[in-house]
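What follows is a set of notes on a single structure, which appears directly below.
The values are calculated or read from the model by the stated rules, or taken from the named source; none is laboratory data. On a predicted model such as this, the values are computed, not experimentally measured, just so you know. Quick reminder, even Gly has a Cβ in these numbers, built from the backbone with ideal geometry, and neighbours come from all protein chains shown. These accessible areas exclude ligands, DNA and RNA; they are computed on the full protein's heavy atoms, side chains included. Shrake-Rupley method; radii C 1.70, N 1.55, O 1.52, S 1.80 Å.
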Amino acid sequence: MVRKPNSDFVQILVVGATLTTLLVLAVFLVNRENSGAVADDAQTAILSESALSAAAAVRNATSFAVVLATSGAADAPVDDARRGAGEASAELKSRIERLSAVLPAGERRSVTDSEAAFRAYTASVLDVLDAEESPGLVEALQTQGLAYSDLTTGLAEIRDARSAEILLAGEGVGRAANAVRFLVVFLLPLGIMIGVWRAVRRTSERRILTEELRHERQVSQSKDSFIADVSHELRTPLTGIYGFASALEDDDQTLNPTSRELIGLIVTEAAELARMVDDLVAAGRIDANAISYSIEPIALSQEIEEVVRPFKRRGVSVEVDDIGISVQADRLRLRQLLRNLVSNAAKYGGRELAVTAYHRDGMVVIEVIDDGPGVSAEVEDRLFNRYVHQNGSALLQGSVGLGLAIARSFAIGMNGTLEYRRVDGLTIFEVCLPPAVAVVPASETSAMIGASTEPG
């Protein structure tokens with residue numbers, strides 16, 4: 001005789017399965033809706049962060065233009081800096097427009113008004129520089145600073161609000177998943193296993209993404225603030241210190257040996273610090289995509305002599321071959337590139353240091369060679385990344401870990417390459433650049449280079 005199943009039990013199963021199905025369906029719908037909301041919030045947060053970076057780039061570029069103009073730099077670098085500030089302002093406008101497209105009316109109006117005011121005050125600062133009305137420069141900078149603070153505060157509030165909404169959405173999804181697991185555990189053991197696995201995976205991925213976003217935001221904010229503060233506060237007084245100390249050092253007839261030694265120490269340390277500031281400023285301009293290159297034929301012999309002269313004056317033995325070769329490059333960028341490499345070899349390499357150049361495969365190869373120990377294999381693949389350190393010290397001594405990365409960026413920007421290799425116990429940094437057909441005398445542009453490009 002076939003035994004009929006208990007109707008109550010069947011009803012309980014049916015009701016339980018129905019409730020579970022409805023809850024699962026409800027959770028599915030909520031998850032789908034939340035996923036769309038989270039995606040929109042994430043897009044808004046990313047666009048806000050992008051706009052913040054663009055605003056910082058405008059502020060940094062404007063400050064750099066002011067520093068150049070007020071420190072008596074030549075017209076060409078000042079014009080380049082002003083042009084860079086204008087390009088950064090246009091990029092900020094573009095990013096604000098993309099952000100405004102996804103914002104509600106109230107936030108859109110506030111952000112666009114703040115952005116328009118900030119760009120207008122930035123233009124007024126650049127106008128003051130064009131008109132050389134230095135008495136109004138401080139007021140224009142202060143007004144721009146207030147507008148910058150208003151804009152970045154509004155953007156940060158939008159970004160933080162969307163990030164909080166993403167976290168709240170994640171918590172709601174977690175609570176719903178817990179309710180489903182509580183019921184399903186009595187009816188569908190396999191279902192709860194699948195549900196737990198999927199919930200854990202989603203929670204883990206969300207936690208990783210949130211942590212990465214927070215970390216990247218902190219790194220970006222710290223870096224932008226550091227570069228802006230250092231470049232603005234140190235560059236002008238440092239140029240004065242180096243210039244005055246160099247003038248005293250040249251007037252050695254009135255100096256006793258002790259004074260001469262102390263002044264030489266001031267010149268050396270000021271040169272190293274100036275090189276670090278140059279690297280920080282260059283890094284900021286590279287990040288803001290505001291760096292430009294003036295490519296021209298350049299005689300290598302004179303540029304290399306200009307680079308190694310401060311090192312020889314400090315007693316560093318540098319052998320330079322008689323180089324009758326010219327390249328197509330940006331004079332200022334080439335000089336900073338070579339200065340970073342020679343400084344690295346002088347302070348991190350061995351006692352024997354040499355600079356040579358020759359033709360190879362249609363390119364000009366410039367080698368900076370020393371007999372030092374080189375770098376360990378563990379960091380060789382990351383040698384040209386930013387902030388790479390070995391044994392707690394920057395690979396480029398006296399720096400913050402930017403010199404080699406910037407040197408490679410300059411080489412690539414001038415249609416060349418920069419590579420590292422070890423050959424027969426020697427450390428070689430090899431720069432390849434296109435050769436030049438005609439050479440323009442460096443004396444025509446030597447006045448543009450100034451004290452801020454000679455140090456280090």
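Taking the conditions (1) among the polar types (S, T, N, Q); (2) within 27 Å of Arg331 (Cβ to Cβ); (3) modelled with pLDDT under 65 in turn, Asn60 satisfies each one other than (3). Go through the stretch 282-294 residue by residue and tally those that are open to solvent by 40 Å² or more (accessible area, probe 1.4 Å) and part of a helix (DSSP H, G or I). Final tally of qualifying residues: 2. Would the stretch 52-70 turn up any residue that is farther than 30 Å from Pro237 by Cβ and over 18 Å from the mean Cα position of the chain (by Cα)? So far as the stretch 52-70 goes, no, none of its residues is farther than 30 Å from Pro237 by Cβ and over 18 Å from the mean Cα position of the chain (by Cα). Scanning the stretch 302-331 for residues that are among the aliphatic types (A, V, I, L, M) and either at pLDDT below 85 or surrounded by 22 or more Cβ atoms within 10 Å (Cβ to Cβ) (or both) yields a total of 6. Scanning the stretch 37-49 for any residue that is at pLDDT below 80, closer than 17 Å to Val138 by Cα, open to solvent by less than 50 Å² (accessible area, probe 1.4 Å) and assigned to a helix (DSSP H, G or I) turns up nothing. In the set (1) open to solvent by less than 40 Å² (accessible area, probe 1.4 Å); (2) at pLDDT below 70, the condition left unmet by Leu404 is number (2).
Of everything in the stretch 411-436, what is in contact (Cβ under 8 Å) with a residue 24 or more places away in the chain and open to solvent by 40 Å² or more (accessible area, probe 1.4 Å)? Give them in sequence order. Break it down stepwise before answering.
Start the filter on the stretch 411-436 by keeping residues that are in contact (Cβ under 8 Å) with a residue 24 or more places away in the chain, which leaves 411, 413-416, 418, 420, 422, 425-436.
Passing the criteria: Asn415, Arg422, Gly425, Leu426, Pro435.
Do the conditions hold for Arg95, that is, is it modelled with pLDDT of 80 or more, of a type in the set (Lys, Arg), surrounded by 13 or more Cβ atoms within 10 Å (Cβ to Cβ) and in a helix (DSSP H, G or I)? Yes.
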